[in-house]
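**Q** Take this structure, written in structure tokens, and hold onto it; I'll ask about it next.
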Amino acid sequence: MWRDALLVAGKDLRVEARSRVATNQVAPYALVILLLFGFAFDSNRPLLVQAGPGLFWVAVLLCSLLAVQRSFAIEAADGARDGLRLSGLDPAGIFLGKAAAVAAVLAGLEVLLGVGIVILYGTGLHDPLLLIATAVLATAGLGAAGTVYGIMAAGLKVRETLLPLLILPVVAPVLLAATQAWRAALGLSADNGWRWLTLLGCFAAIYLTLGVLGFGTLLEEA
């Protein structure tokens with residue numbers, strides 16, 4: 001399973017590196033989102049700083065939609081999805097590989113967006129360990145959930161419009177928990193940010209388990 005996961009993740013990441021979709025399209029899109037939020041709240045700088053963590057994770061969620069759509073658009077051309085079915089690879093490995101590739105793309109975008117909110121919004125850093133732990137768990141959850149719902153919508157003609165409707169309501173716990181944890185990590189809240197990691201961990205564990213157990217069936221029906 002792990003060997004197959006590495007093969008699939010490596011394949012998806014090589015495709016991304018050669019096509020540069022994340023660099024040329026998703027990253028500029030993420031930065032434009034931050035700039036638009038900055039313009040909207042520019043007259044109220046303290047409010048912009050307070051809203052920074054929430055705006056960051058909203059931008060990440062929107063970018064995750066593009067990353068997931070891209071991940072399954074790769075398989076839509078030239079019967080590649082049929083090739084996956086016939087390849088003999090472990091379905092759980094395929095799921096983990098595609099989820100890892102999506103998470104890797106999101107991690108790179110989060111670094112870029114993190115620099116963006118520091119420069120554009122003037123936020124500080126209070127607890128870097130909490131910041132990193134939150135990003136790791138949230139990214140794992142988004143990658144797993146996005147891959148599960150991505151394969152569910154992959155075989156449908158309306159997948160571009162259906163995927164956001166499937167994913168965005170489901171990832172609301174990630175937005176809530178990650179925002180509150182980052183507020184504490186950036187020194188914007190006296191709340192104990194570490195307690196929110198339990199929710200993020202449970203979310204990631206649920207969708208990783210669901211994907212490992214059910215991806216084979218979903219792939220056959222896609």
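The values are calculated or read from the model by the stated rules, or taken from the named source; none is laboratory data. Since we're looking at a predicted model, the values are computed, not measured. Cβ coordinates were reconstructed from backbone atoms using ideal geometry, including for glycine residues, and neighbour counts include every protein chain displayed.
**Q** Scan ALA154, ALA107, ALA185 and give me the residue that is within 15 Å of the chain's Cα centre (by Cα) and among the small types (Gly, Ala, Ser). Steps first, answer last, please.
**A** Values: ALA154 fails: within 15 Å of the chain's Cα centre (by Cα); ALA185 fails: within 15 Å of the chain's Cα centre (by Cα).
One residue alone meets the criteria, ALA107.
**Q** Got a sec? Which of LEU112, LEU125, LEU89 is at pLDDT 85 or above and over 16 Å from GLY150 (Cα atoms)?
**A** Answer to the check: LEU112.
**Q** Could you tell me how many of the residues in the range 105-139 are of a type in the set (S, T, N, Q) and within 21 Å of TYR207 (Cα to Cα)? Spell out the reasoning first.
**A** Going residue by residue through the range 105-139, those that are of a type in the set (S, T, N, Q) are 123, 134, 139.
From what is left, the residues that are within 21 Å of TYR207 (Cα to Cα) are 134, 139.
Residues in the range 105-139 being of a type in the set (S, T, N, Q) and within 21 Å of TYR207 (Cα to Cα): 2 in total.
**Q** Looking at this structure, is VAL105 surrounded by fewer than 19 Cβ atoms within 10 Å (Cβ to Cβ) and either of a type in the set (Val, Ile, Thr) or in contact with a Cys (Cβ under 9 Å, 6 or more places away or on another chain) (or both)?
**A** Values: surrounded by fewer than 19 Cβ atoms within 10 Å (Cβ to Cβ): no; either of a type in the set (Val, Ile, Thr) or in contact with a Cys (Cβ under 9 Å, 6 or more places away or on another chain) (or both): yes.
When the stated conditions are applied, VAL105 does not pass them.
**Q** May I pose another question? Out of (1) at pLDDT below 90; (2) closer than 24 Å to GLY97 by Cα, the odd one out for VAL171 is which?
**A** (1)
**Q** Working only within the range 21-60, note down all residues that are modelled with pLDDT of 80 or more and outside any helix (DSSP H, G or I).
**A** Listed by number, the list is empty, since nothing qualifies.
**Q** Let me ask another. Of everything in the range 118-135, what is touching a residue at least 12 places away in the same chain (Cβ under 8 Å), surrounded by 14 or more Cβ atoms within 10 Å (Cβ to Cβ) and more than 12 Å from ARG183 (Cβ to Cβ)? Give them in sequence order.
**A** LEU120, TYR121, ALA133, ALA135
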